[in-house]
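Data block below; observations after.
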Amino acid sequence: MIIIDTHIWIWWVTNSPSLKKEHRSFLEKQKAGEIAINSISCWEVAKLVELGKLELNISVEQWLKEAVDYYNVTVLPLDIPVIVESTRLPGNFHKDPADQLIVATARVLDIPLLTQDSKILKYPFVKLFNKKSGNV
């Protein structure tokens, strides 16, 4: 299983050219249940729509349902270990609570994170997708 950052999920579902070709290829090769998001990503999508930073041609509720169902994405809940870990991340991690929860999820579950976020890519305390091999 791999967890994907919110922007990766949005770019994949919307077929955005912002998603790197190797990342798209990797995602499209995964079997059902192998790609996960933290439930906070659903909230982030809804907030982006609310703030006018993401425009959808369907309701946010319908988009979320289709983006989960069609792409066979597992939505991981916010649970106590993840919540606590997000407040105890080692080193210097930036203050975005959604990013903290996503990174904490990857750490607690010991699964790799696929992101293009430069701040997270520089963070040494999370297992990241290895773009050279297409693996972790």
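The values are calculated or read from the model by the stated rules, or taken from the named source; none is laboratory data. All values derive from a computational prediction rather than experimental measurement. Ideal geometry is used to build each Cβ from the backbone, glycine not excepted, and the neighbour counts take in all protein chains shown.
Which one is nearest to the chain's Cα centre (by Cα), of the residues in the stretch 112-127 that are within 17 Å of residue 38 (Cα to Cα) and surrounded by fewer than 17 Cβ atoms within 10 Å (Cβ to Cβ)?
Here the residue is 116.
Just to be sure before I move on: is residue 130 out of contact with any helix residue (DSSP H, G or I) (no Cβ under 9 Å at 6 or more places or on another chain) and in contact (Cβ under 8 Å) with a residue 40 or more places away in the chain in the structure I sent? Considered against the rule, which asks whether it is out of contact with any helix residue (DSSP H, G or I) (no Cβ under 9 Å at 6 or more places or on another chain) and in contact (Cβ under 8 Å) with a residue 40 or more places away in the chain, residue 130 comes out as no.
Taken together, the residues in the stretch 22-62 that are farther than 23 Å from residue 82 by Cβ, touching a helix residue (DSSP H, G or I) at 6+ places or on another chain (Cβ under 8 Å) and either aliphatic (A, V, I, L, M) or in contact (Cβ under 8 Å) with a residue 40 or more places away in the chain (or both) amount to 6. Applying the criterion of being over 20 Å from residue 98 (Cβ atoms) and not in a loop (DSSP other than H, G, I, E, B) to the residues of the stretch 28-64, the residue that is farthest from the chain's Cα centre (by Cα) is 62.
Residues in the stretch 87-123 that are more than 26 Å from residue 19 (Cα to Cα) and of a type outside the set (Val, Ile, Thr): 88, 89, 90, 91, 92. When the criteria are applied in full, residue 103 fails the requirement of being closer than 13 Å to residue 5 by Cβ, hydrophobic (A, V, I, L, M, F, W, C), assigned to a loop (DSSP other than H, G, I, E, B) and at pLDDT 95 or above. Residue count for the stretch 73-100 under the criterion of being polar (S, T, N, Q) and closer than 14 Å to residue 3 by Cβ: the result is 3.
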